[in-house]
Amino acid sequence: MDEDTLVIPLAWRRRLHPRRGGTPVAVTLDAGAGATLRSRIEDQADEIEELLGNAQSDPGLVAAARRYLAGEDDPLGAAVVGQIVFRRADWRDDPYPSLVDAWCAERGAAFAAAAVTGISKSEPTWRWIEMGKVSEAWVRLRDPEEEYGHWWSTRSAIRRIRAVLAVADDAEYERAVARLAECRDNFLLRMVTAYIVPTRQDWVNESLAELGVLRHMYDWMLWCSVESAEQLPPLGPLRGAATQPDLLTTAVEGVGAAMAPMLAHAYDTAHRADGRKHSVELLAILPSDEAFQALIDRADKDRVRPALVAAMKRFPKRAARLLAAAAAGQGKAAAIAADLVAPEAVSTGVPEASMADLPRVLADPPWKRERPARELVVIKDLAVPHCDAVTWMPEEREAWSSSDTPAEYWAGQIAEFEAGKLSDWEATILLADGPEASVRPLFKGWKPQNLPAVEWRARQLGARYELDAVPLLIDIAARNPGGNGEALLPFLTMEIAALMADWALRLKSARHVAFSWFKRHRIAAAMALMPAALGPAGRQRQAAEAALLHIAGREGDEAIVEAARVHGERAAAAIADLMTTDPVPLRVPKVSEWADPERLPQVLLKGRDRALPAAAARHLLTMLALSAPDAPYAGITEVRAACDPGSLAAFSWAIFERWQLDGAPAKDGWALGQLGLIGGDEAARRLTPLIKVWPGQSRHKNASAGLDVLAAIGSDIALTHLHGIAQKLKFKGLKRQAQEKIDQIAADRGLTQEELADRLVPDLGLGPDGSLVLDYGPRRFTVGFDEQLKPYVRDEGGKPRQTLPKPGAKDDPELAPAAYKRFTALKKDVRAVATSQIQRLETAMIERREWSLPDFQRLLVAHPLLRHIARRLVWLAGDGTSFRVAEDGTFADSADDTCTLPSTASVRIAHPLDLSGSLATWSEVFADYEIAQPFPQLGRPVHALTPAERETGRLERFENVPVPLGRLLALERRGWEHEIPADAGIVGSMSRHLPGGAEVQIGFDTAVAIGHRDPTQEVTIAVSVSGDLDPIVASELLADLTAVTGRPDA
């Protein structure tokens, strides 16, 4: 095997920017592109003339376009006309490759190459004359130094013509080079032409020499054109190019093994996980010791081990030599090298149980047995139930909906829709956002042809048009069931039921959608599936039966049988028989080599004196691979009943870790999902920190699946972690998903999200008085909590300890280590909930959230953990009585007299503005008792609007105040949001919805590029409020703004 030749993997070749003489690629031109272009030019003749006739249009470009339209050989004119006719096309359809193919068909590749450079020289532009109604457009010379221009969207044309020329015959290629030599008027055109024909290395070197401040926009062309190590220094470090696999792969194809130092440096300095991933993947194909050693040196780092394993398979002789040397060294990388050279088995030494002592599902699983024949009962002409229904989760429809814009804004758009002039993308915006009374009649007859232009607003269309939108939503879902299918979740029809059953059976990527749909529609879903489940043999019946068995797992067998009984006793009997069948999977997944039972901890039976044999452990792995967090294989219940939960949890986490080490392959995603089935609370503790960082490492799917795991574990610990993510996370998409899961769990329990949050706070095994006694045998320690819920330790004499001591020689050898381990877990659990609980109660004070007296006493006063917070605050009853919670759980007023509340009382946390007459007295009481508060309450600064501010809504005290951008954006942690970025990520304001329905906005005097934010950039602001503010909301708003601006209160 040749280990000194660079071979680009076959699967990567589509990444390449083809070069003449490089890796062979196939290029097929669109035979119909020329006819399409001619047809567009004819159909849009009036529009072309409108732009060319505009007085603002560049005369040279107009003349070129007219020459081309007259049949002359003018590539610049072709570029002008081509961009005009495609200017309204949806950017997702990317018309530029088709435009290149049309020019090739029309006049050859050399003409097309010159026309492509014309795209980088000219562009159509436009502006509104009357917003939403009248616009004008013209053509102009493109400014190569315009940093936030639209040139970037045209790069597919440059890439397409390069591919065409890479396979062109020699004569056509030379003609193209000659024509391109005439199109090098500015630095951008020189770079474009060098990229299109990288055989002209003199052109490449010329562009390398004139790389300037806009290198971040254009240097990708040079990365794809260099062919030697000597050309790399002007390009500098890879930086952002490391996140683009097409650029990296093309650069490696051109330069070869000499790219190793740059790739290693890119890995070491990458800020994004995809940059690290792509860098090590490319190192793994470089045929050099330097590249292989770079992987070994980083073997313990993120994403390196899978790349190293791939390099071992590609270069076995080099691997044997270099890994052996590395294994003789010290450190984590050496240990990994040794493990790769000679993997070690894992064993705890517990004797194996006999197969006869195991549950049948582990000893002889159904897929190993011959499937017994079952009589197929077919009931013809079964009455099809009318089941069409809509089921929204709390606030879901509101979250999906768009806000109506005033009708006058849309008048022009509606007229163009009725005239058939709007693209599907424009029509989607109109139908989703336009005035409902005006656009609903338009929706009924709408048949979009370009579904990608519609799918991005599928949820808004579903929320607005509900069942009327279902046919369109089904078409959209068919394109990408796993991604677009969620838009169907609220809706129940026979067609959707059949679709969901099919997805659950056949599509792993969409199974989670189907399971969510079954969970939402419950027995109504089962009713819709009955005709298919009792119909003729085939995939539709198979899918319906499997779906009914899944629903029965949640609703119970009897409920499904009763649902069938409406069709008669014969139907009920047939479904009852279905409920008794063994859960035999249609396809048994092959468990990957990394999940070798010999390298995983033993699974112990209850009693911990015997372990599962390796064969049974393999069956367990198969069951886990068959499962999803919300749809476990039926045998998992028997496994949990038979096995020790602690050893199952250790086995589960080891599976997850080995999957991670193997690069977390998507095909084995069950290794993450199984944590929800047997991982337990320890998995929730260890997984949550990973979920929080995965989106920043380009592992969004893993993060989303991690939320499913927490929901599936379902314990107080797991759901507390899930709720914490829903409340505070910088990754908004994942935070929203967590909120949706919490909303679903709350709805299932008939609670609001906050009511659920009250009930999710774990008691952590604390005693009724909120303490924990840790028994070391000859000595004991008591754990208590301060105002921040930080645990502290006292010995038996009540003397404070800095921390819990480690077990000593005189301590009980079983009790002491168990107590120490218990305290370690307690600290982790408290750390996970303390900050969020304190913030939650502070928010409750600001928003004046109320509890009924029974809930207050049960969920706060009597809760072993929250009681430590409750007794450090002043509370307010509905009748205005203020009180505190004493050590013994009774209530005391500001005079320290016992306070009794009526059973019907409501209770909330007092804000200082509620205590105007007793604030000083309460402050003195808390000082006398040395009660520290968990957040500022009695000493909280209060603010008030001036009469002028309340009347005008303008907070003049903050006008024209310069504020660092970083401090403004920090407000996003307190519920503020910046506006939707305009072109180039430009943002000019922030806003926040306030309790009571008011809204506040901060306007920036100069818009900022949010994607390239400089935290130190100073922005001058103006603040306005719409709506009425009650005194507490006003005070808190002013406090936030005062803190951010540093402007003292007026």
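The values are calculated or read from the model by the stated rules, or taken from the named source; none is laboratory data. Keep in mind the model is a prediction, meaning the values are calculated, not measured. Note: ideal-geometry Cβ built from the backbone for every residue, glycine included; neighbour counts use all protein chains shown.
Taking the criterion of being under 40 Å from the mean Cα position of the chain (by Cα) and modelled with pLDDT of 95 or more, the only residue of the range 169-189 that qualifies is Leu189. None of Gly975, Gly953 is of a type outside the set (Ser, Thr, Tyr), surrounded by 14 or more Cβ atoms within 10 Å (Cβ to Cβ) and on the phi > 0 side of the Ramachandran plot except Gly953. When Ser516, Ser592 are checked against the criterion of being part of a helix (DSSP H, G or I) and either out of contact with any strand residue (DSSP E or B) (no Cβ under 9 Å at 6 or more places or on another chain) or not assigned by TED's automatic domain parsing to the domain that holds Leu624 (or both), a single residue qualifies: Ser516.
Would you check if there is a residue in the range 95-111 being within 22 Å of Tyr195 (Cα to Cα), more than 45 Å from the chain's Cα centre (by Cα) and of a type in the set (Lys, Arg)? Taking every residue of the range 95-111 in turn, at least one turns out to be within 22 Å of Tyr195 (Cα to Cα), more than 45 Å from the chain's Cα centre (by Cα) and of a type in the set (Lys, Arg). Of everything in the range 999-1050 that is assigned to a loop (DSSP other than H, G, I, E, B) and farther than 17 Å from Leu971 by Cα, the residue that is modelled with the lowest pLDDT is Ala1050.
Pairs meeting the criteria (first residue in the range 691-712 and under 18 Å from Lys728 (Cβ atoms), second residue of a type in the set (Gly, Ala, Ser), beta carbons under 6 Å, at least 6 apart or on different chains) are Ile691/Ala703; Ile691/Gly706; Trp694/Ala703; Pro695/Ala703; Leu707/Ala738; Leu710/Ala684; Leu710/Ala718.
If I go through the range 377-393 residue by residue, how many of them are charged (D, E, K, R), loosely packed, with under 11 Cβ neighbours inside 10 Å and at negative phi?
1
Out of Arg779, Arg749, one residue alone is at pLDDT 90 or above, surrounded by fewer than 19 Cβ atoms within 10 Å (Cβ to Cβ) and among the charged types (D, E, K, R). It is Arg779.
Do we have any residue at all in the range 243-263 that's acidic (Asp, Glu) and more than 24 Å from Asp2 (Cα to Cα)? Taking every residue of the range 243-263 in turn, at least one turns out to be acidic (Asp, Glu) and more than 24 Å from Asp2 (Cα to Cα).
If the condition is being in contact with a Lys or Arg (Cβ under 9 Å, 6 or more places away or on another chain), among the hydrophobic types (A, V, I, L, M, F, W, C) and not in a loop (DSSP other than H, G, I, E, B), then the range 871-912 contributes Val874, Trp875, Leu876, Ala877, Val885, Phe891, Ala892, Ile909.
Of all the residues in the range 201-227, those that are hydroxyl-bearing (Ser, Thr, Tyr), in a helix (DSSP H, G or I) and touching a Pro at 6+ places or on another chain (Cβ under 7 Å) number 0.
Quick grid of which residues meet (1) in a loop (DSSP other than H, G, I, E, B); (2) in contact with a helix residue (DSSP H, G or I) (Cβ under 9 Å, 6 or more places away or on another chain); (3) within 30 Å of Ile909 (Cα to Cα); (4) not assigned by TED's automatic domain parsing to the domain that holds Ala726:
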| residue | (1), (2), (3), (4) |
| --- | --- |
| Gly767 | yes, no, yes, yes |
| Gly797 | yes, no, no, yes |
| Lys806 | yes, yes, no, yes |
| Ala819 | no, no, no, yes |
| Ala825 | no, yes, no, yes |
| Gln837 | no, yes, yes, yes |
| Arg840 | no, yes, yes, yes |
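Checked against (1) more than 20 Å from Gln244 (Cβ to Cβ); (2) touching a Cys at 6+ places or on another chain (Cβ under 9 Å), Arg159 passes all but a single condition, namely (1). Just one of the listed residues (Arg179, Arg160) is closer than 22 Å to Pro97 by Cα, in contact with a Pro (Cβ under 6 Å, 6 or more places away or on another chain), basic (Lys, Arg) and not in a strand (DSSP E or B), namely Arg160. Among the residues that make up the range 530-545, is at least one of them within 29 Å of the chain's Cα centre (by Cα) and either among the β-branched types (Val, Ile, Thr) or surrounded by fewer than 22 Cβ atoms within 10 Å (Cβ to Cβ) (or both)? No: the range 530-545 contains no residue that is within 29 Å of the chain's Cα centre (by Cα) and either among the β-branched types (Val, Ile, Thr) or surrounded by fewer than 22 Cβ atoms within 10 Å (Cβ to Cβ) (or both). Somewhere in the range 21-39, is a residue closer than 26 Å to Ser122 by Cα, touching a Leu at 6+ places or on another chain (Cβ under 9 Å) and in a helix (DSSP H, G or I)? The answer is yes, given that some residue of the range 21-39 is closer than 26 Å to Ser122 by Cα, touching a Leu at 6+ places or on another chain (Cβ under 9 Å) and in a helix (DSSP H, G or I).
Screening Glu930 against (1) in a loop (DSSP other than H, G, I, E, B); (2) under 30 Å from Leu804 (Cα atoms); (3) in contact (Cβ under 8 Å) with a residue 12 or more places away in the chain leaves a single unmet condition, (3). Give the number of residues within the range 540-582 that are within 28 Å of Lys508 (Cβ to Cβ) and in a helix (DSSP H, G or I). Residues flagged as within 28 Å of Lys508 (Cβ to Cβ) and in a helix (DSSP H, G or I) within the range 540-582 amount to 23. Any residue at all in the range 602-615 that's under 26 Å from His512 (Cβ atoms), modelled with pLDDT of 90 or more and not charged (D, E, K, R)? Looking for residues that are under 26 Å from His512 (Cβ atoms), modelled with pLDDT of 90 or more and not charged (D, E, K, R), one finds none in the range 602-615, hence no.
Picking from residues in the range 59-87 that are buried (at least 16 other Cβ atoms within 10 Å of the Cβ) and in a loop (DSSP other than H, G, I, E, B), the one that is modelled with the lowest pLDDT is Arg87.
No other residue among Ala325, Ala363, Ala338 is surrounded by fewer than 18 Cβ atoms within 10 Å (Cβ to Cβ), under 30 Å from Pro613 (Cβ atoms) and small (Gly, Ala, Ser) apart from Ala338. Scanning the range 88-119 for residues that are out of contact with any Phe, Trp or Tyr (no Cβ under 7 Å at 6 or more places or on another chain), surrounded by 24 or more Cβ atoms within 10 Å (Cβ to Cβ) and without any contact (Cβ under 8 Å) to a residue 60 or more places away in the chain turns up just one, Ile119.
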